[in-house]
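S.K.: For reference, the structure I am asking about is given below.
All of the numbers you see were taken from the coordinates with simple rules; none came from a lab. This one's a predicted model, so the numbers in the text were calculated from it and none came from an experiment. Cβ coordinates were reconstructed from backbone atoms using ideal geometry, including for glycine residues, and neighbour counts include every protein chain displayed.
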Amino acid sequence: MSRKPLIVGNWKMNGSFAKNTNLLASLSSVPNVNMVVAPPAVYLASVSAQLMNTSIVLAAQNVAAEGQQGAYTGEVSAVMLAELGARYAIVGHSERRQYYGETDTVVAKKCLRLQEAGLRPIICVGETLAEREAGQVETVVSRQLKAIIDNCGIDLLAQAVVAYEPVWAIGTGKTATPADAQAVHGFLRQLVTIYDKNIADNLSILYGGSVKADNAASLFAMPDIDGALVGGASLVANEFLAICHAANASFIG
Ligand code: PEP
């Protein structure tokens, strides 16, 4: 890995005050790795306090698409996330696309709100199994990423992270082979290169989908895989740390 590895733990709708405290107490920084955790919104403040004076960075799992203040019941704005100490927010996760109808247009709006607040979007893209079997992987991921570039401008990607997460690999125990993942990562970087080579060269493209301690090293050996978005394994301190150590081992600076 030539770009500094980024490992993001997406806790999804898991945790409690006690569990979070224990999990965070078991994490420690790993050389050459930017480590990020994304707890549920209600725990952002307490996790932020516990991360004070550590090198672990806070992310949100979601952000409001419309406005920074106002009549948007139930929403949390990017400015509020910034005030809580978050530096990143995940957008376009397949669970949000699938269960909450998050479209490419909504994902782009969320990116704009994050940009206004100085937060970095972690933009998830990825195909379903049916789309893969129909040979539509590149069509789907390029549509998802181009929607961001068209609506937000290419410069947004200088502050963003892209996560390739094949939907069929999330929480299923099935991982894309390193070669299959690399093919999509290389395609995405090439797509960004058409707009801006410098941004493309510096862009972190994470892989997500059942990354575990025992498959991380082979994924990180691929030239365009710059880290991981980790779901289930991020709830187990030793697994998450082992993934971070695998990233450090593959970093060639
Ligand atoms: C995710 O939630 O982004 C994810 C990749 O989950 P898991 O690692 O559990 O497949």
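S.K.: Asn62's amide H: which non-local residues (gap 5+, or another chain) put their own amide H closer than 5 Å, with H modeled 1.01 Å from N in plane and none for Pro or chain starts?
M.R.: Under 5 Å from the amide H of Asn62 lie the amide H atoms of Ile90, each far enough along the sequence or on another chain.
S.K.: Kindly provide the Kirkwood hydrodynamic radius of the stretch 98-144 in Å, to one decimal, from all pairs of distinct alpha carbon atoms.
M.R.: Answer for the stretch 98-144: a Kirkwood hydrodynamic radius of 12.0 Å.
S.K.: Only four residue types carry charge here, +1 at the Cβ of Lys and Arg and -1 at the Cβ of Asp and Glu. Report the dipole size of the chain about the Cα centre in Debye, rounded to the nearest 20.
M.R.: The dipole of the chain has a size of about 360 debye.
S.K.: Non-local amide H neighbours of Val57 (under 5 Å, H modeled in plane, Pro and chain starts lacking H): which ones?
M.R.: Under 5 Å from the amide H of Val57 lie the amide H atoms of Met35, Val36, Val37, each far enough along the sequence or on another chain.
S.K.: Still on this model: Work the Kirkwood hydrodynamic radius out for the stretch 185-244: mean of 1/r over every pair of different alpha-carbon atoms, inverted, in Å.
M.R.: 12.3
S.K.: Put +1 on the Cβ of every Lys and Arg and -1 on every Asp and Glu Cβ in the stretch 6-250; which of Ile225, Asn34, Gly74 then has its Cα farthest towards the positive end of the dipole?
M.R.: The residue sitting farthest along the positive end of the dipole is Gly74.
S.K.: Multiply the residue separation of Gln190 and Leu84 by 0.36 nm, subtract the distance between their alpha-carbon atoms, and state the gained length in nm to one decimal.
M.R.: In short, 34.6 nm is gained.
S.K.: Towards the positive end of the charge dipole of the stretch 6-250, with charges on Cβ (+1 Lys, Arg; -1 Asp, Glu), say which of Leu23, Ile7, Tyr88 has the farthest Cα.
M.R.: Leu23
S.K.: Just give me a number: lysine pairs in the chain, eight or more positions apart or cross-chain, with C-alpha atoms less than 17 Å apart.
M.R.: So the count works out to 5.
S.K.: Rounded, prolate or oblate for the stretch 74-203? Axes are the square roots of the Cα gyration tensor eigenvalues, ordered a ≥ b ≥ c, and the cut-off for rounded is a/c under 1.5.
M.R.: Oblate is the answer for the stretch 74-203, as a/c is 1.5 or above yet b/c matches or exceeds a/b.
S.K.: So what's the convex hull volume per residue for the Cα atoms of the chain, in Å³?
M.R.: Taking only Cα atoms, the chain has a hull volume of 115 Å³ per residue.
S.K.: Another question, then. Determine, from the Cβ-Cβ distance of Ser55 and Glu133 and an R0 of 51 Å, the FRET efficiency 1/(1 + (r/R0)^6), rounded to the nearest 0.05.
M.R.: 0.75
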